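Notes to accompany the following structure.
Each value in this text was obtained by applying a stated rule to the coordinates, not by laboratory testing. As the structure is a prediction and not an experimental result, all values here were calculated from the model. Backbone-built Cβ (ideal geometry, glycine too); neighbour counts: all protein chains shown.
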Amino acid sequence: MVFKSHMFQALDEARAAAKRGEVPVGAVVVAPDGTVVAAAGNRTRELSDPSAHAEMLAIRAACKASRSERLPGHDLYVTLEPCAMCAAVIAAARIARVYYGASDPKSGGVAHGAQVFSHPQAHHVPEVYDGIAGEDAAALLREFFAGKRDGMC
């Protein structure tokens, strides 16, 4: 099978999140056959739910669609390095591969901070690929927060 990135769809989800006033993070879950089974953007403010991160929402929808709490063989594309909470759910769902765009030195939980997949307590360690469309993802975040600082959003 030929590799096809779904990061551009995740970036579209991030842009939609920004338009809703959410931090622009988007995620896409892809089945082993290459079919997109779920996509989401952040909705923490809209849902008044601190766990409504793009990854969480996409994984929940994919699990519901597959009628399973596990997603072996599935890939997750996310525009920002997952936080520790999301990384723990990725491990619990048994996601096979995680592709993320921008690094998150402040709140990341994969390459930074808690480094969830490096702990012996991690039930599953996915393959991780970083920097996929990383500059595009980082630019979305910079623009969003610059607008917040300038009182534009």
Looking at the stretch 106-144, which of its residues are assigned to a helix (DSSP H, G or I) and of a type in the set (D, E, K, R)?
-> Glu135, Asp136, Arg142, Glu143
Are any residues in the stretch 77-94 closer than 24 Å to Leu141 by Cβ and in contact with a Cys (Cβ under 9 Å, 6 or more places away or on another chain), and if so, which ones?
-> Val78
Is one or more of the residues making up the stretch 135-152 under 27 Å from Gly73 (Cβ atoms) and in contact with a Lys or Arg (Cβ under 6 Å, 6 or more places away or on another chain)?
-> no
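Yes/no per residue for (1) surrounded by 12 or more Cβ atoms within 10 Å (Cβ to Cβ); (2) touching a residue at least 40 places away in the same chain (Cβ under 8 Å); (3) more than 13 Å from the chain's Cα centre (by Cα):
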site	(1), (2), (3)
Tyr99	yes, yes, no
Ser103	yes, no, no
Ala111	yes, no, yes
Gln121	no, no, yes
Asp130	yes, yes, no
Leu141	yes, yes, yes
Hand me the list of strands (runs of 3 or more DSSP E) wholly inside the stretch 15-97 holding 3 or more residues that are small (Gly, Ala, Ser).
-> 36-41
